[in-house]
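Have a look at the structure below before the remarks.
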Amino acid sequence: MIEFDDLPVLENPIMICAFEGWNDAAESASGVISHLRDMWNAELLLELDPEEYYDYQVNRPHTYVTDSGERGIVWPGTRIFTAHVPELTRDVVLVAGIEPNMKWPQFIREILGVATELDTNLVLTLGALLSDNPHTRPVPVSATTGDPQMLHDLDVELSTYEGPTGIVGAIASACEQFGIPSLSLWASVPHYVGQSPCPKASLALVAKIEDLLDLPIPLGDLTEDARAWEAGVDELARDDEEIADYVAQLEEEQDTTELPEASGDAIAKDFERYLRRRER
């Protein structure tokens, strides 16, 4: 188990978690954590003992060779990083890893034990799933919580999902027992292009984080990567009549069911985000 003696004192921290695997269609959620680590120069705080939680025949380690010819090995695991957001008096804790294969209750106690010791005031879990929305439209991102205060303060929905869950769902559910408010964001990735990565879905998650938490996030190359991804899928559709017809069908269905007010709200939010970036 992790010893908490040497954990730093952080300023008004929030914890953001994403895990590769079942919760992470096209690496969209884990891609956000990688982006945040790079943009905020996050530093490694600690690593959970991988032998406690991973079956190496399911999640195999990877070997590598350095420029000098030395061989090494990277074991699957979960790492926790800390970063300071320069524009805010706030620190962020980033949890990046692979969904564990065993001992989920113990794994959750470790993650949320760290959150408690760091006086984290919010746990934000990120996920992505495959859906039937067209790649030419904005990636839908749902936001749910079970916390009454956030239901009142934020434009989010009450979590009512019932059924099989992944580690992010289990963590979000356990937050109540630890007395930590939790918020879950899920991006919907077009199923016909579900291969990794999907920067457009990662960008949509980043935008939702900014909107809900007023947390400024540098975009770096993410916007251009999202454009290139969409252009690549457009090219694929042009070369395959069946895919093109299917995309057109999805577009028609979404445009028919989407309320004009919802489209107007989306445009307004995009403009507000643009203005905030200009002010920074």
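Summary of values
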| quantity | calculated |
| --- | --- |
| Computed magnitude of the charge dipole of the chain (debye, nearest 20; Cβ of K, R +1, Cβ of D, E -1) | 520 |
| For the stretch 150-166, 3J(HN,Hα) per residue [Karplus equation, 6.51 cos²θ - 1.76 cosθ + 1.60, θ = phi - 60°, Hz, x = Gly/Pro] | 5, 4, 7, 8, 10, 7, 10, 10, 5, 6, 10, 5, 10, x, x, 9, x |
| Where His152, His62 fall by accessible area, highest first, once all protein chains stay in place (1.4 Å) | His152, His62 |
| Dipole magnitude of the stretch 81-179 about its Cα centre (Cβ charges: Lys, Arg +1; Asp, Glu -1), debye to nearest 20 | 280 |
| FRET efficiency, Glu251 to Gln106 (Cβ-Cβ, R0 45 Å, nearest 0.05) | 0.45 |
| Thr66-Trp22 FRET efficiency (beta carbon distance; Förster radius 35 Å; 0.05 resolution) | 0.60 |
| Folded to 0 to 90 degrees: helix 167-178 orientation relative to the chain principal axis, Cα | 60 |
| The chain: Rg to Rh, with Rh as the Kirkwood radius over Cα pairs | 0.97 |
| Tail weight of P(r) past 20 Å, computed on alpha-carbon pairs of the stretch 1-120, percent | 48 |
| Size of electric dipole in the stretch 153-230: Cβ of Lys, Arg +1 and of Asp, Glu -1, about Cα centre, debye, nearest 20 | 280 |
| Distribution of pairwise C-alpha distances over the stretch 156-256, 10 Å bins, in % | 11, 32, 33, 20, 4, 0 |
| In Hz, Karplus ³J(HN,Hα) per residue of the stretch 69-83 (6.51, -1.76, 1.60; θ = phi - 60°; x = Gly, Pro) | x, 7, 9, x, 9, 10, 8, x, x, 10, 10, 10, 10, 10, 8 |
| Three-way shape call for the stretch 60-125 based on the alpha-carbon gyration tensor, with the a/c threshold at 1.5 | oblate |
| With Cα atoms, 0 to 90° folded angle of helix 28-39 axis to the chain main axis | 70 |
| The chain: angle of helix 199-213 to the longest principal axis, Cα-based, in degrees nearest 10 | 70 |
| Helix-only CD estimate at 222 nm, as mean residue ellipticity for the chain, using -39500 (n - 2.57) per DSSP H run (n ≥ 4) | -13000 deg cm²/dmol |
| Dipole-positive endmost among Thr116, Val139, Leu129 within the chain (Cβ charges, Cα centre) | Thr116 |
| Choice from Pro199, Pro134, Pro105 with maximal GNM fluctuation in the chain (Cα, 10 Å cutoff) | Pro105 |
| GluC sites (Glu not before Pro) within the stretch 37-134: DSSP coil, no more than 14 neighbouring Cβ in 10 Å | Glu70, Glu87 |
| Amide hydrogen neighbours beyond the local backbone of Leu45, cut-off 5 Å, H modeled | Ile80, Phe81, Thr82 |
| Calculated on alpha-carbon atoms, Rg and Dmax of the stretch 59-218 in Å | 17.5, 57 |
| Loop trypsin sites (Lys or Arg not before Pro), the stretch 63-165, which have at most 11 other Cβ atoms in a 10 Å radius of their Cβ (DSSP) | none |
| Using θ = phi - 60° and Karplus 6.51 cos²θ - 1.76 cosθ + 1.60, couplings along the stretch 235-248 (whole Hz; Gly, Pro as x) | 5, 4, 5, 5, 8, 9, 4, 5, 5, 4, 5, 5, 4, 4 |
| Accessible area per residue, Å², the stretch 79-134 with all protein chains present, probe 1.4 Å | 36 |
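The values are calculated or read from the model by the stated rules, or taken from the named source; none is laboratory data. Nothing here was measured: the structure is a model prediction, and the numbers come from that model. Positions of Cβ are backbone-derived with ideal geometry, glycine not excepted, and every protein chain shown enters the neighbour counts. Side chains included, ligands, DNA and RNA excluded: accessible areas come from the protein's heavy atoms. Shrake-Rupley method; radii C 1.70, N 1.55, O 1.52, S 1.80 Å.
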